[in-house]
Amino acid sequence: MSSIVKLFVVSPDTRSERRFDLNVTIEQLKAKLELITGIPVQNQKISLHNGDDDSQVVAQLDNDAKPLGYYSVRDFQTIKVADTNPSTSFTGQLSDVSQVEKFELSDDAYAQRTDSVLAYKQRHKVGRFASPSTEPTPEPAVNIPIGSRCEVESTEPGLNKRGTVRFVGQTEFAAGLWVGVDYDEPMGKNDGSLKGVQYFTCRPNYGVFVRPAKVTVGDFPVEEIDFDDEEI
């Protein structure tokens, strides 16, 4: 029968799987555990458990003269090493944050620093330090003279919606630049007025307002409509 046992060693800051000889005394075990956990021998309180999450203590390994095998240790049980005085051990100095001196800075002192995030935002005008934009975004320039012939973009294949430009500018019904077109045919939606405001004058259903991007200015003649005798 092998005298070597496989155990998990758990401490406040470590967890590892180790092999121990069942003939090693608890005193000798503690010396080995100090190298593994960083907890001094005199601060160690060792208990045996069936698993990491098992709070029930199988045995307290508190007799330095007894061999490990005396406690009927089995493979894959867990040795938990508690530190009875963390303030004096190396491990305790790392895990006990109450001993760490905290760096504190007043708001005024922080504001005076030139290497802080606040200083970076101020220099580069980021976030709340960005300059407010008071000027409206200018409209892109368009070359659509009033009185010029034009063709308005249509979604219907083969349909040419031609007319004359009668208005170019801002309106009260919507923001941005609009073009008022007097169609050659009654394909419009109004008489040059919208929502009670007259922007230009044309016959009813001959007028329309469109965005400049939909208007092409050029030498567009008036489309002539041919009627058969039966359609007069």
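The values are calculated or read from the model by the stated rules, or taken from the named source; none is laboratory data. Worth saying up front: this structure is predicted, and the values here are computed from it rather than measured. For neighbour counting, all protein chains shown are included, and Cβ atoms are generated from backbone atoms with ideal geometry for every residue, glycine included. Surface accessibility is based on the protein's heavy atoms, side chains included, excluding ligands, DNA and RNA. Shrake-Rupley method; radii C 1.70, N 1.55, O 1.52, S 1.80 Å.
State all residues of region 83-109 that are under 17 Å from A31 (Cβ atoms) and either at pLDDT 95 or above or assigned to a helix (DSSP H, G or I) (or both); if no residue qualifies, say none.
If the condition is that a residue be under 17 Å from A31 (Cβ atoms) and either at pLDDT 95 or above or assigned to a helix (DSSP H, G or I) (or both), then F90, T91 are the ones that fit.
Please state which of the following conditions C150 fails to meet, knowing it meets all the rest: (1) at pLDDT below 95; (2) not in a helix (DSSP H, G or I).
C150 satisfies every listed condition except (1).
Name the residues in region 153-181 that are part of a loop (DSSP other than H, G, I, E, B), open to solvent by less than 30 Å² (accessible area, probe 1.4 Å) and over 16 Å from S193 (Cα atoms), would you? Can you show your working first?
Step one: filter region 153-181 for residues part of a loop (DSSP other than H, G, I, E, B), giving 153-160, 171-176.
Subsequent filtering for residues that are open to solvent by less than 30 Å² (accessible area, probe 1.4 Å) retains 171, 176.
Listed by number, the list holds a single entry, G176.
Residues of region 200-232 being at pLDDT below 95, under 17 Å from D184 (Cα atoms) and open to solvent by 100 Å² or more (accessible area, probe 1.4 Å), which ones?
D219, E224, D226, F227
How many residues are among the acidic types (D, E) and open to solvent by less than 80 Å² (accessible area, probe 1.4 Å) when one looks only at region 56-74?
Adding up the residues that qualify gives 1.
Filter region 173-219 for residues that are within 11 Å of C150 (Cα to Cα) and among the acidic types (D, E); which is nearest to the chain's Cα centre (by Cα)?
Ranking the qualifying residues of region 173-219, first place goes to D182.
Go through region 9-56 and give me each residue that's outside any strand (DSSP E or B) and within 11 Å of D83 (Cα to Cα).
Of all residues in region 9-56, those outside any strand (DSSP E or B) come to 11-14, 22-24, 26-43, 50-56.
Matches in region 9-56: S11, P12, D13, E34, T37, G38, I39, P40, V41, Q42, N43.
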